1. Any idea which residue in the stretch 217-240 is least open to solvent (accessible area, probe 1.4 Å), counting only those that are among the hydroxyl-bearing types (S, T, Y) and part of a helix (DSSP H, G or I)?
2. What's the total number of residues in the stretch 188-208 that are farther than 22 Å from Q253 by Cα, open to solvent by 10 Å² or more (accessible area, probe 1.4 Å) and within 15 Å of ligand 1 (Cβ to nearest atom)?
3. Considering only the stretch 1-48, state which residues are within 28 Å of Y223 (Cα to Cα) and surrounded by fewer than 10 Cβ atoms within 10 Å (Cβ to Cβ).
4. Which pairs have Cβ atoms under 7 Å, sit 6 or more apart or on different chains, and link a residue in the stretch 299-322 that is more than 16 Å from E281 (Cβ to Cβ) and polar (S, T, N, Q) to one that is within 15 Å of ligand 2 (Cβ to nearest atom) and open to solvent by less than 40 Å² (accessible area, probe 1.4 Å)?
5. Among the candidates A86, A129, A72, A122, which residue alone is open to solvent by 30 Å² or more (accessible area, probe 1.4 Å) and touching a residue at least 12 places away in the same chain (Cβ under 8 Å)?
6. N211 - would you say it is more than 10 Å from ligand 1 (Cβ to nearest atom), more than 13 Å from the chain's Cα centre (by Cα), part of a helix (DSSP H, G or I) and modelled with pLDDT of 95 or more?
7. So how many residues does the stretch 12-48 have that are within 13 Å of K70 (Cβ to Cβ) and at pLDDT below 90?
8. Residues that are in a strand (DSSP E or B), under 19 Å from the mean Cα position of the chain (by Cα), within 22 Å of G127 (Cβ to Cβ) and not charged (D, E, K, R): does the stretch 275-294 have at least one?
Amino acid sequence: MIIVMKPRTTQEDIDRVVEKVKKRGLDTHVVSGDEMTIIGCIGDTSKLDPKLFEVDPSVEKVMHVQEPYKLANRAFHPEDSIIDVAGVKIGGGHMAMIAGPCSVESTEQVLEIAKSVKASGANLLRGGAFKPRTSPYAFQGMGLEGLKILTEVKAETGLPIVSEIMSPEYLDVFNESVDLIQIGARNMQNFDLLKHLGDINKPILLKRGLNATYDEWIMSAEYIMASGNENVILCERGIRTFETYTRNTLDLQAIPVLKRMSHLPIIVDPSHAGGKWWLVEPMAKAAVATGADGLMIEVHNDPENALCDGAQSLKPHTYHEVVEEIKKVAAALGRPF
Ligand code: PEP
Ligand code: MN
């Protein structure tokens, strides 16, 4: 249930209504926008009588929220959320341009890529240190050594870093060194891991599971938010379909749909969606055209010899050209960056 307060409500009015909700054993989530204040009621609201609140002179209206997700619900927070990642704003018109290799391989490799993508317009650097590989015999990532390399490159280039966590065991070290902590597609429903993310306040990049519905995906965001961390950014990265030509199928409908369901920013990863480097440009442009709040693109200085995902990685000069094309689309739609 949400309680919409009348314009120009005082703090005293808000406190009074919040107290009334809490007395009935429920929790509240207050969002004060420029236009209005909304009090979200969290818990079992089925026994709450809307009339109890409608009689309050400062209450405009009371609405029941049918959806099982509350904190992530657009109804709870009508304005777009803007997430701050080490000074880089994402959402509400601010674009995240995340680029970098699939996996950290060496300091030289990450540094060279970071410098070039930064010059091309990237504002965040990605690099996997812990890799969720299908085969146990494939390169598993450099682990903690990889995180150290990312930290060094951040110090040299100033680019905040994005990296995937796979186990709560490393939460402290990720909290210390990573600016945007990625939950990969395979862990989207690792509920224990999601709950642990509430122990920290670092922004989380939640990728869509390989076969997750919109509801399942948003409920995973709700898990993180309900455990105390509301800094969540969604990432569409393609889903499994019957098509085998491409690695996955990019679901562009997810962008307008999730924006309607939720206030959270949503970005697109065209690299893992198509699995082919030449599909990145057209899909990135389409993602921006459908309203994505950013792009995560894999870039490698030597894709032919990459330890992971070389076939979908752009060379640095191609990334530069792709960013220029993306900017044209964004400008044509009145959302220049
Ligand atoms: C990645 O970003 O490197 C990755 C493994 O992505 P996903 O979880 O979407 O497969
Ligand atoms: Mn990858």
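The values are calculated or read from the model by the stated rules, or taken from the named source; none is laboratory data. Bear in mind the structure is a predicted one, so any value in this text is a computation, not a measurement. Because the Cβ atoms are built from the backbone with ideal geometry, glycine has one as well, and the counts that use them run over all protein chains shown. Each accessible area value is taken on the protein alone, full model and side chains, heavy atoms only, with ligands, DNA and RNA left out. Shrake-Rupley method; radii C 1.70, N 1.55, O 1.52, S 1.80 Å.
1. So the residue we want is S220.
2. Looking only at that region, the number is 1.
3. Across the stretch 1-48, the qualifying residues are K23, D34, S46, K47.
4. Partner pairs satisfying both residue conditions: N301/Q109; N301/I113.
5. A86
6. Spelling it out, it is not the case that N211 is more than 10 Å from ligand 1 (Cβ to nearest atom), more than 13 Å from the chain's Cα centre (by Cα), part of a helix (DSSP H, G or I) and modelled with pLDDT of 95 or more.
7. Qualifying residue count, the stretch 12-48: 3.
8. Yes, there is a match, as at least one residue in the stretch 275-294 is in a strand (DSSP E or B), under 19 Å from the mean Cα position of the chain (by Cα), within 22 Å of G127 (Cβ to Cβ) and not charged (D, E, K, R).
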